[in-house]
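K.L.:
Sharing a structure here in structure tokens format.
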Amino acid sequence: MKVLLDTHTFLWWNLDDANLSICVREIIADGHNQIYFSAVSSWEIAIKAARGRLVLPGNPGAYIAERLRLHHFQALPIQISHTVQIYKLPHHHEDPFDRLLVAQGQLESLPILTLDPEIKKYEVETIW
């Protein structure tokens, strides 16, 4: 199975947060699954850390790179096709990070591991 992490899912996995569903925990823990982490999530984390809205145990670049290696997550770069896909999305959600995740999920055929009810309004598979 191939899946895309929402930003909160990535952070909660790394914090062993109780908010993660059992289903999501099992998917991420299964070494046969391919878990993707979007560049848009790293952008969101960096912005929140810089504004003091997120505290990490180090600089965001080093933290994210170390966590990707540790958990064998695959980086998903942002492509022009992903950004242009946003044009086609209805305005259910105004968060630009989430809208780009939806576009990536749609174009790459990746279900998104998310609790966000706004993302679930789009034509993209979500799992929680």
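Coordinate-derived values only; no laboratory data. This one's a predicted model, so the numbers in the text were calculated from it and none came from an experiment. Note: ideal-geometry Cβ built from the backbone for every residue, glycine included; neighbour counts use all protein chains shown.
K.L.:
Calculate for the chain the 222 nm mean residue ellipticity that helices alone would give, adding -39,500 (n - 2.57) per DSSP H run of length 4 or more and normalising by residue count, nearest 500 deg cm²/dmol.
P.N.:
Counting only the DSSP helices, I get -14000 deg cm²/dmol.
K.L.:
Between Val55 and Glu125, take the C-beta separation as r, use R0 = 35 Å, and let me know the FRET efficiency to the nearest 0.05.
P.N.:
Calculated transfer efficiency: 0.65.
K.L.:
Which ³J(HN,Hα) values in Hz, rounded to whole numbers, follow from the phi angles of the range 5-15 under the Karplus curve 6.51 cos²θ - 1.76 cosθ + 1.60, where θ = phi - 60° and Gly and Pro get x?
P.N.:
Computed from phi, the couplings for the range 5-15 are 7, 6, 4, 5, 5, 4, 5, 5, 4, 6, 9 Hz.
K.L.:
When the Debye formula is applied to the Cα atoms of the chain, each taken as the same point scatterer, what base-10 log of I(q)/I(0) results at q = 0.18, 0.20 Å⁻¹?
P.N.:
Relative scattering, expressed as log10 I(q)/I(0), comes to -0.98, -1.22.
K.L.:
Which residues make up the longest stretch of the chain clear of GluC sites (Glu not before Pro) that lie in a DSSP loop with no more than 11 other Cβ atoms within 10 Å, not counting the sites?
P.N.:
Result, exposed sites excluded: 1-93.
K.L.:
List Arg99, Arg51, Arg25, Arg67 from most exposed to least, where exposure is judged by having the fewest other Cβ atoms within 10 Å. Provide the component values of the computation, followed by the final result.
P.N.:
Working: Arg99 21, Arg51 8, Arg25 13, Arg67 16.
Taking fewest neighbouring Cβ atoms as first place, the list is Arg51, Arg25, Arg67, Arg99.
K.L.:
Counting Lys and Arg as +1 and Asp and Glu as -1, each charge on the Cβ, what is the dipole of the range 2-127 about the Cα centre in debye, to the nearest 20?
P.N.:
Approximately 260 debye in magnitude.
K.L.:
Here is a follow-up. Give the lysines whose C-alpha is closer than 23 Å to that of Lys121, dropping any in the same chain fewer than 8 places away, or say none.
P.N.:
The reachable lysines, counting only those whose Cα sits under 23 Å from Lys121, are Lys2, Lys88.
K.L.:
Between rounded, prolate and oblate, where does the range 32-105 land on the alpha carbon gyration tensor, with a ≥ b ≥ c its root eigenvalues, rounded for a/c under 1.5, else prolate if a/b exceeds b/c? List each step's numbers first, then the result.
P.N.:
Numbers: a/c = 2.58, a/b = 1.36, b/c = 1.90.
Oblate, because a/c is 1.5 or more while a/b does not exceed b/c.
K.L.:
Then there's this: Label Ile86 and Glu118 with points 7 Å out from Cα along Cα→Cβ: what is the distance between them in nm?
P.N.:
Result: 1.3 nm between the two label points.
K.L.:
By how many nm would the segment from Asn19 to His72 grow when fully extended, if each residue of separation counts as 0.36 nm and the alpha-carbon distance is taken off?
P.N.:
My answer for the length gained is 16.9 nm.
K.L.:
Straight distance only, please: which lysines reach the Cα of Lys48 with their own Cα at less than 17 Å, same-chain residues fewer than 8 apart left out?
P.N.:
Qualifying lysines at Cα under 17 Å: none.
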